[in-house]
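The values are calculated or read from the model by the stated rules, or taken from the named source; none is laboratory data. Values in this document were obtained by computation on a predicted structure and should not be read as measured data. Cβ atoms come from the backbone with ideal geometry, glycine included; neighbour counts cover every protein chain shown. The protein model used for the area step is the full one, side chains on, heavy atoms only, and it has no ligands, DNA or RNA in it. Shrake-Rupley method; radii C 1.70, N 1.55, O 1.52, S 1.80 Å.
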Amino acid sequence: MHSLGVTALDGYVVTVEVDVSGGLPQFAIVGLPDNAVKEATDRVRSALKNLGFSYPASRITVNLAPADTRKTGPVYDLPLLLGLLVAGEQIQPIAPDCAFIGELSLNGNVRPVSGVLPMALACRQAGINKLFVPQANAQEAALVENLQVYPLNTAKDAILHLAGQQPLAPAPKTNISLQEVAGLIPDLRDVRGQLEARRALEIAAAGLHNILMVGAPGSGKSMLAKRLPGILPPLTYAEAIETSKIYSVAGLLQKQGNSGGLVTTRPFRSPHHSVSPAGLAGGGSQPKPGEISLANNGVLFLDELPEFIRESLEVLRQPLEDGVVTVSRVAGTVSFPSRFMLVAAMNPCPCGYFGHPTRECRCNMAAIDRYLQKVSGPLLDRIDLHVEVQPVEYDDISATQGGEESAAVLQRVLTARAFAAGRAGQRPLVPNAALVGERLRQDCALTPRAATTLKTAFQRLGLSARGYDRMLRVSRTIADLDGAEVIDAQHVAEAVQYRNLDRKYWHYR
C-alpha cells in the first residue's frame, strides 16, 4: 500500500507493509519513524475498535519504506489502519494505484495534515492516480492535474469506497484566478503625502529592489510597507505553486488568504524583532521553513530593524544574495527558496527624532552611533534604496482626497517590467535587482553625463563594489520607468538620493 512523506519541500512515495503473525501481542513500526509515527499505534487501535472492526491480538510489524528516510508526523495513521485490515483479511487488498494520507482521531475521523501539496505532486510523478486525503486538504491536493483526489471525513468512507458500497466523488478542480487581489491588500490611496517614499516604493516594485525606510515614529513607514504587495505584479502560476508548497509544509496554507487551496497573493511576512535566527532561516530536528522562506515571492518586512538581534539580521545576508537559505541539522541539510523583497524600517536614533523638523532629539551622538551600529555595513550594502520618510504635513493628512491608487502605480510597474522584458530579448528575464556580471554591464549602458555623475557619487560616498552595482541597478529601474534605453544623468542622480544612510546618517560624524 502507498502513502507519502515530505523532505524539505519535496514529497516522496512511502510503501506501507503490514505483517500480522503469531506470537505475543506487539505493535512494532520500523523504517525510521519519529515519535508522532510511533504514537499511531494507539490511535489506530482505538479507531479500529470504534469503527466496529477487530484488532488482531498478534504480533504486528509495520515497515515504512524507504527505510533510510526519516518518517515524520501523523500522516501514516490512515494507511496503517487500512493495512491492518488488509493483513487481517477484514477488507480486500487495495489496488497499487491508490495512496492514502491522514491523521486519525480515536473515533476514526480523519484530521488534516501538513505538506499535502508536495505529496500530491509526488503522487502524480510516481504514476499513482488516486489519492485519499482528509476533507480539509482536498482543495489543496486537487490543484494537481491528472490526479483523482477523494476527500474523507472518516476512515470508514475510504473502506466503503474501496468495497464499492458507497463510492466517493472526486474533489472538483477549482478555477483559480491570480489576478483578483482587490480588497485583499491595503491600497496606497490611504497614504497621505509621502511623495518621495511612494516613489521609492514604485522603484522598488519595478526592479524588485530591497528598501530601507528611515523616519520618526508615526511617519507612516509600516503603512507604506503593508501596501507594497498591492503594486507588485500578480503571482505567476509557477510562483503560486512554489509558495503554496512552502505554506503547506509549514502547516499554514489554510491560514493564509488563499483561494481553492492555493496562495494567490504575494506573501507579506512581518516577524517580531525578538525572532530568533532559526525562526527567520528555518529549523527544527526536521527542518521546516522560516520567515525568510515564508516570504518567498513576496515581502519580508522588518520593523524597528536595529531592535533585531544581530545574529538574526546576519542570517539575511546569504538569502539576499543567493535567493536560497540553507539549513543544516543532524537530520541533514536542506535548502529552501528565499527570493523575497526585504522592506525594513527604523528610527534615525533611539528616541526617534534625530533630524525632525519640529521635535528636539534627546540623544547624544554616542547613543546615535551605537544605535546605527546595530545594523551592520554588509547588510546595509545589500539594501538598494535608503529613503527618508518625513513627518506628514497637516494639509496632507487633513485632505479629503486620498493619494494615488495602487492600481495606477501597478500599471506603471507592469509597463516598466514589460520594457525590461523587451530589452532582454531572447535572454532569460531577470529583475533588475538580480542583474550580475556581464548582463549588468550590457543592460546598464550609461551616457557620458551619467558616467560622470556615477563616478562622483562613488568617490564621495565611498561605495563598495557591491554598492556601485546596486546603484547601477536602481538607475536602470528608474530609466525603465521613464522608458529610456540608456541610463542618463538624471536617473543616476535620483538613485544617489536613495542612499540616505551613505550620505547623511552613516557618515554624520
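What the table shows:
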| read-out | value |
| --- | --- |
| Average Cα contact separation per residue, the stretch 1-122, under 8 Å, 6 or more apart, as relative contact order % | 37 |
| Nearest 10 degrees, 0 to 90: helix 237-249 Cα axis against the chain principal axis | 60 |
| Fully extended contour minus Cα-Cα distance, from Ser328 to Asn153, at 0.36 nm per residue | 59.2 nm |
| Long-range HN-HN contacts of Ala295 with modeled amide H, under 5 Å | none |
| Gained length - Glu311 relative to Leu24, 0.36 nm times residue gap less alpha-carbon distance | 97.9 nm |
| Spin-label model distance (nm) - Ser222 vs Leu32, 7 Å beyond Cα toward Cβ | 4.3 |
| Local net charge near Asp322, Cβ-Cβ under 13 Å (Lys/Arg +1, Asp/Glu -1) | +2 |
| Over the chain: helical MRE at 222 nm, DSSP H runs n ≥ 4 each giving -39500 (n - 2.57), nearest 500 | -10000 deg cm²/dmol |
| Phi to ³J(HN,Hα) by Karplus 6.51 cos²θ - 1.76 cosθ + 1.60 over the stretch 185-198, Hz, x for Gly, Pro | 10, x, 9, 5, 5, 6, 7, 9, x, 6, 5, 5, 5, 5 |
| Spin-label proximity, Gln254 to the stretch 83-118 - amide N less than 12 Å from point 7 Å beyond Cα toward beta carbon | 103, 110-116 |
| Using alpha-carbon coordinates, inclination of helix 406-424 to the longest axis of the chain, degrees | 90 |
| Average Cα contact separation per residue, the chain, under 8 Å, 6 or more apart, as relative contact order % | 13 |
| Shape metrics for the stretch 119-177, restricted to C-alpha atoms - Rg then Dmax, Å | 11.5, 38 |
| Pairwise label distance in nanometres, Ala238 with Ala169, each label 7 Å out on the Cα-Cβ vector | 3.6 |
| Percentage relative contact order, the stretch 294-366, counting C-alpha pairs under 8 Å, at least six apart | 35 |
| Cross-link pairs beyond the 23 Å C-alpha cut-off, checked among Lys71/Lys173; Lys221/Lys288; Lys71/Lys245 | Lys71/Lys173; Lys221/Lys288 |
| The stretch 98-181 - accessible surface per residue (Å², probe 1.4 Å) | 43 |
| Carbon plus sulfur fraction of accessible area for the stretch 404-509, probe 1.4 Å, in percent | 54 |
| Carbon and sulfur %, accessible surface of the stretch 118-235 computed with the full protein complex present, 1.4 Å | 48 |
| C-alpha long axis of helix 116-125 to longest principal axis of the chain, angle in ° | 70 |
